[in-house]
Every structure is written in C-alpha cells, then in structure tokens.
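Read the figures in this text as sums done on the coordinates, not as results from a lab. The structure presented is a predicted model; accordingly, all values stated were derived computationally and were not measured. Counting neighbours? That spans all protein chains shown, and the Cβs are built from the backbone with ideal geometry, glycine included.
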Amino acid sequence: MDQMIDTGFKDKTGRSIHVGDIVQHRLGKFGKSGGSHNLKVIIFGKKYHLVGESDTDTKYGGTLLVEKLCDNLVILTSDYVPK
C-alpha cells in the first residue's frame, strides 16, 4: 500500500491535503473564470503543485500549492482515511 504524503496544508474546512487528493478551487460569487475547477495534488520537484484533474502529462508542474490558495480549496476525494 502506498503511504499517503501529507502536504502540510489544510483546505477551507480544515482537512489536511494529501498528494493524490482531488480538490476543487472555488473562486467565490465574483469569480470571472467560469466557475469552480477540479484539480489534483502532485509532487513536482520538491514542492506540491496543482494540475488538472484528468492531466496525465505533468511535465511543467502546474500551479504551486501555497497557503493563500488553500483558503479557496475544498477536498472532493481523498484516499486518506484518518485513524
């Protein structure tokens, strides 16, 4: 079984974000990008990044996961089950 890697970040509701989780980026009611986006958490280099949920070729890493961005993220699916 693969060990889940905790990123050290928490989503909007306070749940820990792990590598491999699918998160939803919500821009709020004034967002102009066409609504929410589903993203997958990956490791790229030594940092954590967000890429499209269905992206298989992550050559360039996507968006860097930072604390400010986590304020607008909600975990949709996670393989991690807390004990």
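By count of other Cβ within 10 Å, fewest leading, how are TYR48, TYR60 ordered?
Ordered from fewest to most neighbouring Cβ atoms within 10 Å, TYR48, TYR60 come out as TYR60, TYR48.
Evaluated with a Cβ-only charge set (Lys, Arg +1; Asp, Glu -1), the stretch 6-77 carries a dipole of roughly 240 debye about its Cα centre, given to the nearest 20. Could you tell me which of rounded, prolate or oblate describes the stretch 6-77, using a ≥ b ≥ c as the square roots of the eigenvalues of the alpha-carbon gyration tensor, with rounded for a/c under 1.5 and, failing that, prolate when a/b is larger than b/c and oblate otherwise? Verdict is oblate for the stretch 6-77. Residue exposure proxy: GLU53, GLU67, ordered by other Cβ atoms within 10 angstrom of their Cβ from fewest to most, comes out as GLU67, GLU53. Each of HIS18, TYR48, LEU65 was scored by the projection of its Cα onto the charge dipole of the stretch 6-77, and the greatest displacement toward the positive side belongs to LEU65; charges sit on the C-beta of Lys, Arg, Asp and Glu. By the beta-carbon count within 10 Å of each Cβ, the least crowded to most crowded order of LEU69, LEU50, fewest first, is LEU69, LEU50.
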